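Beneath this line is the structure, given in structure tokens, with notes to follow.
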Amino acid sequence: MLRYFLLRLGSLIATLVVASLVIFFVLEVVPGDPASYMLGINASEETLQALRQELGLNLSPPLRYLSWISGLVTGDFGTSYTYRTPVAGMISDRLWISLPLAIYALLISIVIAFPAGVFSAARRGSGFDTGIMGATQLGIAIPNFWFAMMLVFFFAIKLHWFSAGGFPGWDQGVLNGLKSLTLPAIALALPQASILARVLRSSLLDVLNEDYLRTARAKGLTRKQAIIRHALRNAMIPVLTIIGLQFSFLLAGAIIIENVFFLPGLGRLVFQSIAQRDLIVVESVLMLLVFAVVMVTFAVDVMYAWVDPRMRGRRK
Amino acid sequence: MTKPSNTTGFKKLLPGLILVALFFLAAVLSYLWTPYEVDSIDIKNRMALPNMQHWFGTDHFGRDIFSMLMVGARTSIAVAFIAVGIGVIVGVPLGLCAAAWQGRWLDELIMRSNDLIFAFPALLIAIMITAVFGPGAVNAIIAIGIFNIPVFARLTRSGAMALWAREYILAARVAGKNTVQISVEHILPNILNLLIVQATIQFSLGILAEAALSYVGLGAQPPVPSWGRMLADSQTLISIAPHLALFPGLVIVLTVLGLNLLGDGLRDWMDPQLRRQRS
């Protein structure tokens with residue numbers, strides 16, 4: 001187990017290093033000189049030089065990479081080109097919206113998908129099953145940002161149950177904050193819940209055919225007990241992978257949904273920064289999201305190997 | 001395990017086929033005819049509700065929504081189709097190589113690079129590309145295409161690896177064929193079914209991704225009509241003219257639904273054993 005853990009940790013670090021190189025190369029080396037973007041074409045050579053000096057752009061790319069990375073590790077994400085404030089602060093403010101939104105959506109997705117998946121597997125072929133499967137087909141096909149717009153139309157504009165967008169801030173009370181994240185979270189959760197319900201159903205159906213389930217029934221468990229005690233546990237492995245994957249989709253998907261609801265999260269920050277060519281902010285947000293994706297995958301892999309020794313030798 | 005009958009396959013295949021055919025037909029037809037010119041502005045008639053003249057109503061410039069949706073279908077098809085093409089053309093040979101020399105350094109390299117791309121959700125790739133090169137349909141294609149490569153590489157590798165253990169491959173080897181010949185002549189035709197089904201699914205994901213990218217302004221730029229941008233334009237008007245948002249959304253849903261049904265139906269029809277493998 002320790003050997004597996006160390007191997008996975010090694011490949012995790014390698015992935016992060018290569019990913020950071022890719023991001024740095026694409027965003028720093030390719031586009032040329034941010035100083036001249038910022039000052040426009042009429043800037044004098046001296047002002048340009050001074051700005052480059054200030055931003056550390058006159059160093060060679062490898063040195064700049066090293067200072068960026070060592071900054072990321074120590075929590076110093078550099079200074080925004082546009083706002084001249086620390087990027088770390090800008091990101092952590094926004095993270096307080098995007099992260100709760102992703103977690104909220106994941107919870108909604110799990111709460112919907114579990115009963116739907118378990119009941120449709122248990123009553124395979126019934127009207128309920130057909131209904132759920134049809135609904136999930138539709139859920140996968142609906143673009144979440146359009147669903148978000150429809151939610152705004154019905155629940156904010158027509159019924160006035162929620163506000164159409166914006167965020168009051170957590171200092172206005174946790175409940176108010178959660179309320180304004182509810183419609184975005186539902187919109188984000190819908191496609192993920194559909195996928196999760198389908199995976200859970202098919203994974204359960206596979207397990208329901210296993211001999212040990214027949215044994216469980218033979219020793220006197222009811223069907224319900226057998227499903228809850230034996231089938232569900234064994235069906236969890238693919239379900240866990242999907243939940244892990246979904247967290248990263250949700251974090252990335254939040255970028256789009258935040259636009260529908262005018263939430264000041266990471267997504268808004270990224271688009272603003274792109275428009276203002278504040279590439280150092282884009283760079284750090286991308287790295288942070290990649291870090292989150294890789295860490296979650298790593299955590300899921302290690303959890304498996306811990307739960308199921310068969311997984312240790314296998315590559316995913 | 002109950003066997004799926006052929007009828008369950010057709011139950012999905014037929015509606016899927018009809019929806020997809022309609023959508024392709026609209027795109028092709030838009031080159032020859034649309035009810036109105038997509039750039040003809042008619043301010044007097046703006047935001048008209050659906051009526052006999054304008055079947056889906058008009059937008060905030062008085063342009064005919066039905067015509068715009070027809071032309072928008074071209075953008076969606078082109079972006080999704082080329083993006084899937086990139087995934088197939090790059091990913092399938094990589095997967096074949098990885099399987100042919102499995103466990104060697106090449107396999108290791110290909111699979112590790114795949115893992116790397118998986119760490120970047122498609123949207124992040126798109127953001128990275130557009131941050132540097134600016135938004136546009138081509139950049140959207142590249143972003144979605146890059147994301148498709150590992151999908152096809154993995155699928156090809158796992159499909160091909162199962163075949164390499166078969167006896168007829170050994171027979172081909174004895175007959176003097178080299179690894180490349182076997183991969184192309186014997187492995188590839190046998191995983192074609194798998195690839196076609198996956199391509200249909202990736203196509204539908206490509207349509208969704210294109211719509212999302214255009215919606216946030218990273219995809220096709222004006223004046224090229226696109227479903228995602230029609231939705232973005234309609235957003236601020238949703239309280240006064242909800243039909244502007246309704247129709248483009250419904251068209252996306254029906255198209256994606258059609259492609260998914262087609263993919264599922266094809267899989268059941270071509271190979272019942274593949275059923276339920278998709279997650």
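Readers should treat all values here as calculations from the given coordinates under stated rules, not as data from a laboratory. Given the structure is predicted, the values throughout are model-derived calculations rather than measurements. Using ideal geometry, Cβ is built from the backbone for each residue, glycine included, and neighbour counts are taken over all protein chains shown.
Residues of B:124-136, mean number of Cβ from any other protein chain within 10 Å of their own Cβ, rounded to a whole number?
Details: counts 11, 3, 0, 12, 8, 1, 3, 15, 11, 3, 1, 1, 0.
Counting other chains' Cβ atoms within 10 Å and averaging over B:124-136 gives 5.
Only Cα pairs under 8 Å and at least 6 apart count here; give the relative contact order of segment A:94-314 as a rounded whole percent.
Values: 240 pairs, mean separation 62.1, N = 221.
Once divided by the residue count of segment A:94-314, the mean separation gives 28 percent.
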> Once fully extended, how much extra length lies between B:Gln221 and B:Phe10, figured as 0.36 nm per residue of separation less the alpha-carbon to alpha-carbon distance?
Replying inline: 72.1 nm
> On average, how much area does the Cα convex hull of chain B cover when viewed from any direction, in nm²?
Replying inline: 18.3
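So if each residue of separation counts as 0.36 nm, and I subtract the Cα-Cα distance between A:Asn176 and A:Val111, what length gain in nm does that give? Present the calculation step by step, with values, prior to reporting the outcome.
Working: separation 65, 0.36 × 65 = 23.40 nm, distance 2.16 nm.
Gain in length upon complete extension: 21.2 nm.
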>> With an 8 Å Cα cut-off and a minimum separation of 6 or more residues, compute the relative contact order for chain B in percent.
In response: 28
> Dividing the alpha-carbon radius of gyration of segment B:1-159 by 2.2 N^0.38 Å (N being the number of residues), what value is obtained?
Replying inline: 1.43
> What is the spin-label model distance, in nm, from B:Ala171 to A:Arg123 if the labels are put 7 Å beyond Cα along the C-beta direction?
Replying inline: 5.1
> Taking the Cα centre of each part, how many Å lie between segment A:44-65 and segment A:189-261?
Replying inline: 52
>> Output needed: percent of Cα pairs per 10 Å distance bin for segment A:94-314, bins running from 0 to the one holding the longest distance.
In response: 8, 27, 31, 21, 10, 3, 0
> Given R₀ = 25 Å, FRET efficiency for B:Met270-B:Phe24 by Cβ-Cβ distance, to 0.05?
Replying inline: 0.75
> Given H placed 1.01 Å from N in the peptide plane, which residues other than close sequence neighbours of A:Ser80 have an amide H under 5 Å from its amide H?
Replying inline: A:Thr85, A:Val87
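From other protein chains only, count the Cβ atoms within 10 Å of every residue's Cβ in B:208-215, then give the mean.
Per residue, the number of nearby Cβ atoms from other chains is 4 on average.
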>> Let me confirm one metric for peptide A:271-278, namely the mean number of other chain beta-carbon atoms within 10 Å of its residues' beta-carbons.
In response: 3
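Under the classification rounded if a/c is under 1.5, otherwise prolate if a/b is larger than b/c and oblate if not, where does the protein assembly as shown fall, given a ≥ b ≥ c as square roots of the Cα gyration tensor eigenvalues?
Numbers: a/c = 1.40, a/b = 1.15, b/c = 1.21.
Judged from the Cα gyration tensor, the protein assembly as shown comes out rounded (a/c under 1.5).
Given contacts defined as C-alpha pairs under 8 Å and at least six residues apart, what's the relative contact order of segment A:15-134, whole-number percent?
Taking the mean separation of contacting Cα pairs over the length of segment A:15-134, I get 11 percent.
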>> Using the Cα centre of segment A:94-314 as the reference point, and only Cβ charges (+1 on K/R, -1 on D/E), how large is the resulting charge dipole? Debye, rounded to the nearest 20.
In response: 880
> Considering the dipole of the protein assembly as shown built from charges on the beta carbon (Lys and Arg +1, Asp and Glu -1) around the Cα centre, which of A:Trp161, B:Met111, B:Leu194 is farthest to its positive end?
Replying inline: B:Leu194
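So what are segment A:37-196's ellipsoid semi-axes, whole angstrom, largest first, if each one is the square root of 5 times an eigenvalue of the alpha-carbon gyration tensor?
Details: eigenvalues 425, 81, 50 Å².
Computed over segment A:37-196, the values are 46, 20, 16 Å.
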